[in-house]
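In what follows, a single structure is set out as structure tokens and then discussed.
The values are calculated or read from the model by the stated rules, or taken from the named source; none is laboratory data. If you're wondering where the values come from, they're calculated on a predicted model, not measured in any experiment. Cβ sites come from the backbone with ideal geometry, for glycine too, and all protein chains shown count toward neighbours.
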Ligand SMILES: Nc1ncnc2c1ncn2[C@@H]1O[C@H](COP(=O)(O)OP(=O)(O)OP(=O)(O)O)[C@@H](O)[C@H]1O
Ligand SMILES: [Mg+2]
């Protein structure tokens, strides 16, 4: 679905992603793990076009098998290709209502559809109940559900979530995990997840990739995520 090759990225002089290779297979949840500051968010932003890359390629394959080089595409084009993005820290609009927040996602659709897909309220009934509340009045967990809902209004094929469980009550984290599995199973989505919480990754991801200092250092099926690897690369 996504094939990243020898990607390099800099913030000014600071080399953040180093010759990074990463594959995201279709129909699975790939979980990117790693300590704070290793470049996980930068990698997601590079995929979305929010940071420019110095070199390397990010190839995105659509259902029909058509390949697109994302590094040559502007931000808006990437969402129109069917890539939904839930940024770290949610970034919802606090003064807009839940419904208005969801509508802001519609502009990223390629087909001009102006209706919020009912599937979003099916996955997150709380968003329907709270349609007229302001985003800023929701709990952290509800805001995260809203951020995911907003990314889903384009009916993406690939969904990128950057630490969706950060600072959120455990029952909502579990609901989000279940929605990820439903999206894969029922809607045929591919998920690229950034997550530092081990139990969450073990429960909801199919594959893991551990990053350290801007490059992947280990990867495999989630069952192969050993205590040894965790000790070496994930515990502080
Ligand atoms: N806009 C920026 N300008 C300069 N340096 C940045 C910028 N954003 C991030 N960095 C630096 O780049 C490195 C990677 O940051 P990034 O946010 O990608 O890490 P991360 O793995 O997502 O961390 P976390 O687990 O804390 O979210 C860090 O050293 C960070 O300080
Ligand atoms: Mg981050």
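Within segment 28-57, track down each residue that is out of contact with any strand residue (DSSP E or B) (no Cβ under 8 Å at 6 or more places or on another chain) and outside any helix (DSSP H, G or I). Before the answer, list the steps.
Within segment 28-57, the first condition is being out of contact with any strand residue (DSSP E or B) (no Cβ under 8 Å at 6 or more places or on another chain), and the residues that meet it are 36-37, 45, 49-50.
Of everything in segment 28-57, those that are out of contact with any strand residue (DSSP E or B) (no Cβ under 8 Å at 6 or more places or on another chain) and outside any helix (DSSP H, G or I) turn out to be 36, 37, 49, 50.
Just name the residue that is farthest from ligand 1 (Cβ to nearest atom) out of those in segment 181-212 that are at pLDDT 95 or above and in a loop (DSSP other than H, G, I, E, B).
Checking each candidate, the answer is 188.
Among the residues of segment 58-82 satisfying the criterion of being farther than 23 Å from residue 183 by Cβ and surrounded by 15 or more Cβ atoms within 10 Å (Cβ to Cβ), which is nearest to ligand 2 (Cβ to nearest atom)?
71
For residue 67, state whether it is free of Cβ contacts under 8 Å to residues at least 24 places away in the same chain, within 13 Å of ligand 1 (Cβ to nearest atom) and out of contact with any helix residue (DSSP H, G or I) (no Cβ under 8 Å at 6 or more places or on another chain).
Working: free of Cβ contacts under 8 Å to residues at least 24 places away in the same chain: yes; within 13 Å of ligand 1 (Cβ to nearest atom): no; out of contact with any helix residue (DSSP H, G or I) (no Cβ under 8 Å at 6 or more places or on another chain): yes.
Considered against the rule, which asks whether it is free of Cβ contacts under 8 Å to residues at least 24 places away in the same chain, within 13 Å of ligand 1 (Cβ to nearest atom) and out of contact with any helix residue (DSSP H, G or I) (no Cβ under 8 Å at 6 or more places or on another chain), residue 67 comes out as no.
Given the residues 96, 106, 152, 138, which is the only one that is more than 16 Å from ligand 2 (Cβ to nearest atom) and in contact (Cβ under 8 Å) with a residue 60 or more places away in the chain? Can you show your working first?
Values: 96 fails: in contact (Cβ under 8 Å) with a residue 60 or more places away in the chain; 106 fails: in contact (Cβ under 8 Å) with a residue 60 or more places away in the chain; 138 fails: in contact (Cβ under 8 Å) with a residue 60 or more places away in the chain.
Just a single option satisfies the conditions, and that option is 152.
State all residues of segment 10-27 that are more than 14 Å from ligand 2 (Cβ to nearest atom) and either in contact with a helix residue (DSSP H, G or I) (Cβ under 9 Å, 6 or more places away or on another chain) or assigned to a strand (DSSP E or B) (or both); if no residue qualifies, say none. Talk me through it step by step, then tell me what you get.
Residues of segment 10-27 that are more than 14 Å from ligand 2 (Cβ to nearest atom), as a first pass: 10, 12-15, 18-27.
Of everything in segment 10-27, those that are more than 14 Å from ligand 2 (Cβ to nearest atom) and either in contact with a helix residue (DSSP H, G or I) (Cβ under 9 Å, 6 or more places away or on another chain) or assigned to a strand (DSSP E or B) (or both) turn out to be 10, 14, 15, 18, 19, 20, 21, 22, 23, 24, 27.
In segment 23-48, how many are buried (at least 21 other Cβ atoms within 10 Å of the Cβ) and either on the phi > 0 side of the Ramachandran plot or more than 14 Å from ligand 1 (Cβ to nearest atom) (or both)?
Qualifying residue count for the region: 5.
Among the listed residues 174, 218, identify the single one that is more than 16 Å from ligand 2 (Cβ to nearest atom), outside any helix (DSSP H, G or I) and over 14 Å from the mean Cα position of the chain (by Cα).
On the way: 174 fails: outside any helix (DSSP H, G or I).
Exactly one residue qualifies, and that residue is 218.
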